[in-house]
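A.B. asks: I have a structure I would like to understand better, so I am pasting it below and will then ask my questions one at a time.
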Amino acid sequence: MKQPYLSPDDLPSYRTTLISEILLSQLEETIKKKFFLACDRMVRIVLSSCHWYFKVNSGILMLVMICHDIESYQQIMMTVPHLASKLKRFANQAKISISSPVNQGIPSVISITDIFSDEDSPSM
């Protein structure tokens, strides 16, 4: 195993790392609540048909969705543009990861920048 380039004094303390993880978890949960409220009634129903959560990794917000049946997967795929437009309210760089039961959890990852170019970005 490689030794870190920084001395132990230069690395964050255990407490700092723990607090950062707690704050990041709270941020993800708050975004989940606000995102759900930003969606219309039909999209909320579709979201309720699968397991979903937010994850922040390297500064990129990711909406992770796990569909348990093919019907919910198809409904989610039809709502991707709507989900992306709502997601754009929360982050400039965001991705949507959708796992279906058909491919046994191998997710399709879609960047919201792939859905919207700067010219046709949804109004907020």
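What follows is calculated from the coordinates using simple rules that are stated; it is not laboratory data. A quick note: this is a predicted structure, and the numbers were derived from the prediction, not measured. Note that each Cβ is placed from the backbone with ideal geometry, even for glycine, and that neighbours are counted across all protein chains shown.
A.B. asks: Every residue in the stretch 40-61 that is farther than 18 Å from N92 by Cα and either surrounded by 14 or more Cβ atoms within 10 Å (Cβ to Cβ) or of a type in the set (K, R) (or both), please.
C.D. replies: R41, V43, R44, V46, L47, S49, C50, W52
A.B. asks: Something else: Output the number of residues of the stretch 66-85 satisfying the condition of being in contact (Cβ under 8 Å) with a residue 40 or more places away in the chain and either surrounded by fewer than 21 Cβ atoms within 10 Å (Cβ to Cβ) or touching a Pro at 6+ places or on another chain (Cβ under 6 Å) (or both). Let's see the steps before the verdict.
C.D. replies: At the first step, the residues of the stretch 66-85 found to be in contact (Cβ under 8 Å) with a residue 40 or more places away in the chain are 82-83.
Next, only the ones that are either surrounded by fewer than 21 Cβ atoms within 10 Å (Cβ to Cβ) or touching a Pro at 6+ places or on another chain (Cβ under 6 Å) (or both) stay: 82.
Matching residues across the stretch 66-85 total 1.
A.B. asks: Here is a follow-up. Going by the structure shown, is S72 assigned to a helix (DSSP H, G or I), of a type outside the set (D, E, K, R) and in contact with a Ser or Thr (Cβ under 8 Å, 6 or more places away or on another chain)?
C.D. replies: Yes: the conditions hold for S72.
A.B. asks: Only one of V56, V46 is touching a residue at least 24 places away in the same chain (Cβ under 8 Å), β-branched (V, I, T) and part of a helix (DSSP H, G or I); which?
C.D. replies: Of the residues listed, the single one that is touching a residue at least 24 places away in the same chain (Cβ under 8 Å), β-branched (V, I, T) and part of a helix (DSSP H, G or I) is V46.
A.B. asks: Ok, one more. Here are some residues: L37, L63, L24. Which one is out of contact with any Pro (no Cβ under 7 Å at 6 or more places or on another chain), not hydroxyl-bearing (S, T, Y) and not in a helix (DSSP H, G or I)? Outline the logic, then answer.
C.D. replies: Details: L37 fails: not in a helix (DSSP H, G or I); L24 fails: not in a helix (DSSP H, G or I).
None of the others qualify; the one that does is L63.
A.B. asks: Quick one: which residue in S48, S13 is out of contact with any strand residue (DSSP E or B) (no Cβ under 9 Å at 6 or more places or on another chain) and closer than 24 Å to S99 by Cβ?
C.D. replies: Answer to the check: S48.
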